[in-house]
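Here is the structure we will look at, set down as structure tokens.
The values are calculated or read from the model by the stated rules, or taken from the named source; none is laboratory data. Small disclaimer: the values here were computed from a predicted structure and weren't measured. Neighbour counts are summed over all protein chains in view; Cβ atoms, including those assigned to glycine, are modelled from backbone coordinates with ideal geometry.
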Ligand code: PXP
């Protein structure tokens with residue numbers, strides 16, 4: 001059965017917009033687990049634009065499911081991962097100017113460095129995943145680099161419609177089967193929402209879907225009325 005990893009970076013985005021203490025992603029991880037999340041994903045970016053070091057350390061102590069730490073393959077992040085010992089590390093490309101992770105990791109052109117990096121993490125019993133585009137070449141290199149998992153980038157699928165989306169779905173399906181044949185566990189994510197998730201979830205042997213933006217957006221939609229009602233009640237009960 002396909003499981004759900006909930007990415008809570010956007011909770012931290014709201015907090016960091018005010019540089020205050022709420023909403024606290026650690027508290028919301030608890031609620032995500034209550035709702036059925038099978039793992040909690042956070043991306044600790046080099047520029048710390050949303051998730052902070054403190055969040056990751058606290059999550060390691062408090063979550064009951066699994067912690068998936070998304071990070072760039074840098075020496076700074078390796079040190080943090082060694083201290084935190086997340087269940088999974090997902091290596092992603094990172095650009096300072098991007099709004100979100102735009103493309104997959106180029107496993108091929110960083111091969112020697114990545115192989116060593118992956119080995120370092122695997123020695124600590126951390127499972128390592130590569131966030132890659134659905135391409136046979138990237139899958140083959142991921143296998144060679146020693147990754148346990150891959151996460152297929154579904155951003156293009158999410159952006160396209162009609163025939164284009166159908167073709168991208170086929171690519172994701174074929175990539176999943178190819179990776180499975182090589183013994184890689186396959187996750188997928190990016191841009192998945194309440195309208196487009198079903199077709200991806202119905203692909204055989206997708207292990208986990210990582211979803212953030214649409215879940216947090218939906219939380220506002222289903223929760224705002226209640227939060228306004230509570231504030232109104234405080235004001236009017238004076
Ligand atoms: N997987 C990876 C590797 C990501 O970088 C992101 C975005 O942070 C996601 C999944 C979740 O994407 P979205 O927020 O669009 O659901």
| said: I'd like to check something: does the range 92-110 contain any residue that is farther than 16 Å from residue 188 by Cα, modelled with pLDDT under 95 and touching a helix residue (DSSP H, G or I) at 6+ places or on another chain (Cβ under 6 Å)? | reply: yes
| query | (1) buried (at least 16 other Cβ atoms within 10 Å of the Cβ); (2) at pLDDT below 95: which one isn't true of residue 12, the others all being true? | reply | (2)
| request: Within the range 181-195, identify whether any single residue is within 22 Å of the chain's Cα centre (by Cα), assigned to a helix (DSSP H, G or I), within 27 Å of residue 88 (Cβ to Cβ) and without any contact (Cβ under 8 Å) to a residue 40 or more places away in the chain, and answer yes or no. | output: no
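Here's the yes/no breakdown for (1) in a helix (DSSP H, G or I); (2) away from the ligand (no atom under 13 Å from the Cβ); (3) in contact with a helix residue (DSSP H, G or I) (Cβ under 6 Å, 6 or more places away or on another chain):
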| position | (1), (2), (3) |
| --- | --- |
| 11 | yes, no, yes |
| 15 | yes, yes, no |
| 30 | yes, yes, no |
| 33 | yes, yes, no |
| 36 | no, yes, no |
| 40 | no, no, yes |
| 47 | no, yes, no |
| message | Checking residue 220 against (1) within 16 Å of the chain's Cα centre (by Cα); (2) assigned to a helix (DSSP H, G or I); (3) under 21 Å from residue 99 (Cβ atoms), only one condition comes out false. Which one? | response | (1)
| query | What number of residues in the range 78-99 are within 14 Å of the ligand (Cβ to nearest atom) and either without any contact (Cβ under 8 Å) to a residue 40 or more places away in the chain or in a helix (DSSP H, G or I) (or both)? | reply | 4
